[in-house]
Ligand SMILES: NC(=O)c1ccc[n+]([C@@H]2O[C@H](COP(=O)([O-])OP(=O)(O)OC[C@H]3O[C@@H](n4cnc5c(N)ncnc54)[C@H](O)[C@@H]3O)[C@@H](O)[C@H]2O)c1
């Protein structure tokens, strides 16, 4: 059997970009494990699903038997773990699903991986990698200066970030306790085609062309670092090819933008590519709205060390990548209609919603 990589969350935004990257530009076949939650769609993998190197398994990372069975069947030499709940605003409304998927789910996946890994022949055990995809948000919030370095203390401030930080700690704990060769990858905000329309860039594009207001949280001064999803996919491949077990890698671009400036740039691009029927500018739709609770001011990653160690660098230039992304959404209304499943861009993340009381004892 050809060497294979298991990609969890491979039907999501970054996962599907990674699967395409590995199918077309690596020698490995790919097994995708995805629960097809609201952000995961077969449509994201359309062009590769029929490829001989691609195997799709519909299932949850927390299903122990399923995970054990597919590890035995496909015998991957690496797991790239991207499956997660990923939207900060939804974690503010309801933290529990984030803990269940991102923490408990990761722990179960790690357990099954350790069982599989321990039974491998010595040479393969040494080569094996468990690559965990994490985020700059685990470090907490920065002021106007400075960057997070790999190994800085984790100070997550949203339920999403806390659940990702817990998963990062579990990967490191499984490496120390059981020897599993784990790697933690932390990336900044990704943009590009096929991102679920709850996230800032697709949300703004779709609301703009729908004639709706463009809500910018707070003063709009919060700063994020942006990387194209194809650069992240190439970065993850570099981690697989050249990453060292036990390391933390930063997949950042150095491109920082205040949210307000980003939305202004989107409006300028849309004014050119898809002028409003009344001839006015999309800028008129921008509104500053009540801030997100606990809104982190700024994230920025020190990625130079990773560039050197992995011989990888982001390539997609800004604003060309942003313009290409806008074009993609304008040309893929059918994809938008298929994936939305009832979400029409309404505001999320105002605060904790009342949950049904239920026991956690099984
Ligand atoms: N998008 C970003 O800007 C960004 C930045 C840094 C890190 N990350 C991390 O990268 C990873 C992928 O992010 P994304 O933006 O592609 O997310 P996404 O929401 O687009 O995709 C997540 C995928 O995981 C799947 N999934 C969720 N729960 C699952 C479960 N229990 N079992 C199996 N599959 C499950 C979903 O169906 C979906 O396909 C996440 O771990 C996220 O925390 C994302």
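The values are calculated or read from the model by the stated rules, or taken from the named source; none is laboratory data. The shown structure was predicted, so the numbers you read here are calculated from the model rather than taken from an experiment. Because the Cβ atoms are built from the backbone with ideal geometry, glycine has one as well, and the counts that use them run over all protein chains shown.
Residue by residue, here is whether (1) farther than 23 Å from residue 246 by Cβ; (2) more than 12 Å from the ligand (Cβ to nearest atom); (3) out of contact with any helix residue (DSSP H, G or I) (no Cβ under 9 Å at 6 or more places or on another chain) holds:
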| residue | (1), (2), (3) |
| --- | --- |
| 90 | yes, no, no |
| 97 | yes, no, no |
| 118 | no, yes, no |
| 127 | no, yes, yes |
| 135 | no, no, no |
| 151 | no, yes, yes |
| 154 | no, yes, no |
| 159 | yes, yes, no |
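Out of 197, 144, 153, report the one residue that is part of a loop (DSSP other than H, G, I, E, B), modelled with pLDDT of 95 or more and within 14 Å of the chain's Cα centre (by Cα). I'd like the intermediate steps shown before the answer.
Details: 144 fails: within 14 Å of the chain's Cα centre (by Cα); 153 fails: within 14 Å of the chain's Cα centre (by Cα).
Only one candidate qualifies: 197.
Counting just the residues of region 11-38 that are more than 7 Å from the ligand (Cβ to nearest atom) and under 21 Å from residue 69 (Cβ atoms), which one comes out surrounded by the fewest Cβ atoms within 10 Å (Cβ to Cβ)? It would help to see each step written out before you state the result.
Step one: list which residues in region 11-38 are more than 7 Å from the ligand (Cβ to nearest atom), which gives 16-32, 38.
Going one step further and asking which of them are under 21 Å from residue 69 (Cβ atoms), we end up with 19, 28-32.
On the way: 19: 31, 28: 17, 29: 19, 30: 27, 31: 24, 32: 28.
Result: 28.
Report yes if residue 104 is at pLDDT 95 or above and either within 20 Å of residue 14 (Cα to Cα) or away from the ligand (no atom under 12 Å from the Cβ) (or both), otherwise no.
Values: at pLDDT 95 or above: yes; either within 20 Å of residue 14 (Cα to Cα) or away from the ligand (no atom under 12 Å from the Cβ) (or both): no.
Answer is no for this residue.
Name the one entry in 156, 193, 197, 202 that is in contact (Cβ under 8 Å) with a residue 12 or more places away in the chain and farther than 30 Å from residue 277 by Cα.
Details: 193 fails: farther than 30 Å from residue 277 by Cα; 197 fails: farther than 30 Å from residue 277 by Cα; 202 fails: farther than 30 Å from residue 277 by Cα.
Among 156, 193, 197, 202, only 156 is in contact (Cβ under 8 Å) with a residue 12 or more places away in the chain and farther than 30 Å from residue 277 by Cα.
Would you pick out the residues in region 26-38 that are closer than 18 Å to residue 12 by Cα and part of a loop (DSSP other than H, G, I, E, B)?
Hits for region 26-38 are 35, 36, 37, 38.
Yes or no: residue 87 within 19 Å of the chain's Cα centre (by Cα) and within 27 Å of residue 26 (Cβ to Cβ)? I'd like the intermediate steps shown before the answer.
Details: within 19 Å of the chain's Cα centre (by Cα): yes; within 27 Å of residue 26 (Cβ to Cβ): no.
Spelling it out, it is not the case that residue 87 is within 19 Å of the chain's Cα centre (by Cα) and within 27 Å of residue 26 (Cβ to Cβ).
For region 316-349, what are the residues that are modelled with pLDDT under 95 and touching a helix residue (DSSP H, G or I) at 6+ places or on another chain (Cβ under 7 Å)?
Matches in region 316-349: 338, 339, 345, 348, 349.
Would region 42-58 turn up any residue that is closer than 25 Å to residue 342 by Cα, in contact (Cβ under 8 Å) with a residue 60 or more places away in the chain, within 10 Å of the ligand (Cβ to nearest atom) and under 16 Å from the mean Cα position of the chain (by Cα)?
Yes, that holds for at least one residue.
List the number of the failed condition for residue 211; all other conditions in (1) surrounded by fewer than 22 Cβ atoms within 10 Å (Cβ to Cβ); (2) more than 15 Å from the ligand (Cβ to nearest atom); (3) within 17 Å of residue 325 (Cβ to Cβ) hold.
Residue 211 satisfies all of (1) surrounded by fewer than 22 Cβ atoms within 10 Å (Cβ to Cβ); (2) more than 15 Å from the ligand (Cβ to nearest atom); (3) within 17 Å of residue 325 (Cβ to Cβ) except (3).
Taking the condition at pLDDT 95 or above, in contact with a strand residue (DSSP E or B) (Cβ under 9 Å, 6 or more places away or on another chain), away from the ligand (no atom under 16 Å from the Cβ) and within 19 Å of residue 80 (Cβ to Cβ), does residue 245 pass? Please lay out each step first, then the result.
Values: at pLDDT 95 or above: yes; in contact with a strand residue (DSSP E or B) (Cβ under 9 Å, 6 or more places away or on another chain): yes; away from the ligand (no atom under 16 Å from the Cβ): yes; within 19 Å of residue 80 (Cβ to Cβ): yes.
So residue 245 fits the description; yes.
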